[in-house]
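Report on one structure; see the data block that follows.
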Amino acid sequence: MILFEVVLSGVLVGGMYGLIALGLNLQYGIARMMNLAYGEALMGGAYTAFWFFMLWRIDPLASMLFSVPVAFCGNWLIYRYLLSPLIRRAANQEILEADTILVTFGLLFVFQGLALVQWGGEYRGYTYLAVPIDLLGATVALNRLMAFVAAVVLALALYWLLRSTRLGGALRAIAIDPVAAQLVAVDVPRLSALAFAAGGAIMAAAGTLVSMFLSFNASIGIVYTLKALIVVIMGGVGRMLGCLMAGLLLGLAEALGAYLVDPGLTLAINFALFLLVLLVRPQGLFSRG
Amino acid sequence: MAEKPASRWWIAPAAAGVAFLAGLPLLLSAYTVSLLISVLAYASLATSWAFFSGTTRYISLATAAFVGIGTYTVALLSDHLPLAVVLAIAHMIGFVIALGVGLSTLRLSGIYFVIFTFGLTELIKQLVIWFEINQTKTLARYIFVNASGTLIYELLLATATIVIAGVWWLSRSRVGYALRVIGEDEMVARHSGIDTTRVKVLVFAATSAVMSMVGAVLSLRYTYVDPNIAFNSLVSFQVLIMALLGGIGRPWGPALGAVPLVLLSELLSGTFPHHFGIALGICFVVIVFFLPGGVMGLVDRWSAWLPRSALRRRKES
Amino acid sequence: MTAGPLLAIQGLSKSFGGLQAVRDFDLDVPERSIVGLIGPNGSGKTTVLNLVTGEIAADGGSVRLDGREILGRPAFRVCRARIARTFQLVRVLPGMTTRENVLIGRLFGSAPATPEHARKEIDALLDRVGLSDLADQTGAQLTYIDQKRVELARALATQPRLLLLDEWLAGLNPRELQIGIELIRRIRDEGMTIVMIEHVMEAIRALCDHVVVMSAGGLIAAGAPDSVLNDPEVARVYLGDDDA
């Protein structure tokens, strides 16, 4: 029965990982920008939820109405004014990659530094829906369950958007081949900016959800960037369903590792998986070919 | 590095300069010496980093991991063994771990290598924390080595001198060319007879060993270390930005880049520690947008505008 | 030196997923000859080159240089075994000068030298391929034909016995083509053995002693240039998919 609880908690966290990987896939798979400040949107979303709740008792889910549009606009501005000039001037892909890495690392430091200056380095958290719920005989906190449900709903909505709408079709075309997409009259620069901004918005939403059941601090962003990247690599760059599956897998691996080996080694498990996938199956676990 | 077999007019002045630097602690206050210690340590780190990562374009963020390995080696062993032996062991452990890391990850390209090396610092930190909590039941260690500021300074001056001279010498040797070809086009490197894996892994290991050595010497300043102090990933970023600021591809560039950043860090980290992170972040963006060749690259461009400058004349003679 | 061919390929095979890129390919290349490897795009010519030079691993077969098996060796060892190549899409190092681009072949090829020792030789080699005036320009500054020259010079600097040219004459104008053909002929006359993948029929007629035609990964014709180029099956394969 304990094992079932472990698996369940793994799945609950895994849903969150799937969501943040989807967002990264929008940025890296479609807009083709490796944004190392990706996790800062999560940090921003988490702080927004925290302060809205602490100061004005505003429900965290409602705080998304503020943090999500802000993250969307912020990421759009970053793409438009900091990253797309790099695309235009880069002589080749490698130079572009190096420039992007440096600029987005710079942004990471700036955002993290601002948060540290403003709110200090200590861990924050608040009590929200901390009610034990009985689920098939296992006990889970309602906030965890709630966050999981919200993450899954968001992820599925995004998946539906990409699969079944015209806009989604255009975005998937860019993910497969931006040059060819341009040839069939897809406005690649505009839609790439949109995808990048949407990725940031998703991360802010995820930040809100994370803050409902985990404590966080100003330096938390990069941790989630790394997890998202690991999941994207496992699931396959540009593959949405693969990412959801890989997210669940990572959540499970962490939960089982923490239970069977040691909770202190969660990160070690992350990296072992990361390396294993890169060395054995660099095209992703859930992609064909 | 592209010029003809260079004249070596500067060797004598450089030697005199090193001799002068070696005598400096006699003249300066303890505070200034400790500032110079930071400059020398970061100059060594940035030069080593640039020699591998700058030329091959495998951007490593594992600097902090290797520095931390050096620090922890001292923390674990300094009670039991003489200092020289401890330093040699730190150097060796850094080399061996880097060899393993290199063999398993240097086939990863671009962003994956960056992320993995960044994660490596965190990974090693977590493993050390886990080990300390489970095995020794303590998170902090005390370092009781009787090392004066002057000794640390002289050790680091020797390290920096050897590293810069070594990089200067290697960069005009076959190793230097091999690294540059790998950075430009690894496929061409393979088909021109370069054993790319061997070169990459060995140079990565050798430069990482220097980083562990620097970490070990620096740890003599501390009386107390814990994993969060020893494995501070900010160090990796500082070293990277110093190298880029000074300009990679020139033996002197990265070392020069260390000076302003150490001063900036000194200025800010005491009173406004978080502002230093912001300043560092802005540095990254500014370098990418305005200083792609580093400050030394800027000097090159300026010297092109000043036909009668000393720099120009020397090149022509 | 044995009496057999310098390069002997037997039963070479490679598939990518479901696609059989090269199947059961045989080829003998006698010393001091020029063998032309032709066929429509996608017929597996470059794959053969990549297999021989160790860029990709073969599924089966054997490649012998002067009787010694070289299949399965990593690319740098194949280079040191004295096989050099050029690339279909020119790969000149953009950040290095012409001299340095060529120098690296000498530094790491079959008879490694130090930079100081190699310098004079490299200047002679640059002169030979007509690059002396451009020695200090970076690869990025060179024109297309000069980049091709640099690649050839770099390959020669490794001191090969066998030179593999992957469409080295493609994209040249008529005058450059004549210069290129002369250059290759001269290199052969100095004792080199050459395998060239080529679409320029004029060059094949002018240079090759022997031509083999590939289609869909297999060998469909072989012989003297004139007889092969007049073979109706070869014409069909070419005109069917590609009119090069």
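Before moving on, here are some points about what is shown:
- Residue in region A:215-223 that is at pLDDT below 85, touching a Phe, Trp or Tyr at 6+ places or on another chain (Cβ under 7 Å) and within 14 Å of another protein chain (Cβ to nearest Cβ) present: no
- Filter result for the condition that a residue is of a type outside the set (Ser, Thr, Tyr), buried (at least 20 other Cβ atoms within 10 Å of the Cβ), within 14 Å of another protein chain (Cβ to nearest Cβ) and within 30 Å of residue A:91 (Cβ to Cβ), over B:203, B:188, B:175: B:188
- All conditions in (1) over 26 Å from residue C:200 (Cβ atoms); (2) within 14 Å of chain B (Cβ to nearest Cβ); (3) in a loop (DSSP other than H, G, I, E, B) hold for residue C:72, with the sole exception of (2).
- Check on residue C:47, out of contact with any helix residue (DSSP H, G or I) (no Cβ under 6 Å at 6 or more places or on another chain) and away from chain B (no Cβ under 14 Å): yes
- Scanning region A:206-228 for residues that are outside any loop (DSSP other than H, G, I, E, B), crowded, with 24+ Cβ neighbours inside 10 Å and among the hydrophobic types (A, V, I, L, M, F, W, C) yields A:206, A:209, A:210, A:228.
- When every residue of region B:163-172 is checked against the conditions, at least one turns out to be at pLDDT 85 or above and at the interface with another protein chain (Cβ under 8 Å from one of its Cβ atoms).
- Looking across region A:83-105, the residues that are crowded, with 18+ Cβ neighbours inside 10 Å and without any contact (Cβ under 8 Å) to a residue 60 or more places away in the chain come down to A:86, A:96, A:98, A:99, A:102, A:103.
- Hits in region A:251-279 - residues which are within 14 Å of another protein chain (Cβ to nearest Cβ), in contact with a Phe, Trp or Tyr (Cβ under 9 Å, 6 or more places away or on another chain) and part of a helix (DSSP H, G or I): A:254, A:264, A:265, A:268, A:271, A:274, A:275, A:278
- Residue match in region B:136-143 (condition: away from chain C (no Cβ under 14 Å), open to solvent by less than 10 Å² (accessible area, probe 1.4 Å) and in a helix (DSSP H, G or I)): no
- Restricting region C:97-137 to residues that are over 16 Å from residue C:84 (Cα atoms) and exposed (fewer than 14 other Cβ atoms within 10 Å of the Cβ), the residue that is farthest from the chain's Cα centre (by Cα): C:116
- Which numbered condition residue B:59 misses (of (1) of a type in the set (Val, Ile, Thr); (2) within 12 Å of the chain's Cα centre (by Cα); (3) open to solvent by 20 Å² or more (accessible area, probe 1.4 Å)): (2)
- Verdict on residue A:38 being in contact with a helix residue (DSSP H, G or I) (Cβ under 6 Å, 6 or more places away or on another chain) and buried (at least 16 other Cβ atoms within 10 Å of the Cβ): yes
- Elements of type helices (runs of 4 or more DSSP H) in region A:45-131, at least 1 residues being within 20 Å of the chain's Cα centre (by Cα) and over 28 Å from residue B:115 (Cβ atoms): A:60-77
- Among residues that are within 11 Å of another protein chain (Cβ to nearest Cβ) and either at negative phi or open to solvent by less than 20 Å² (accessible area, probe 1.4 Å) (or both), residue B:45 is not included.
The values are calculated or read from the model by the stated rules, or taken from the named source; none is laboratory data. Remember, it's a predicted structure, so these values are computed and weren't measured experimentally. With ideal geometry, Cβ positions are generated from the backbone for all residues, glycine too; neighbour counts draw on all protein chains shown. For the accessible areas, the whole protein counts, side chains as well, though only heavy atoms, and no ligand, DNA or RNA atoms are used. Shrake-Rupley method; radii C 1.70, N 1.55, O 1.52, S 1.80 Å.
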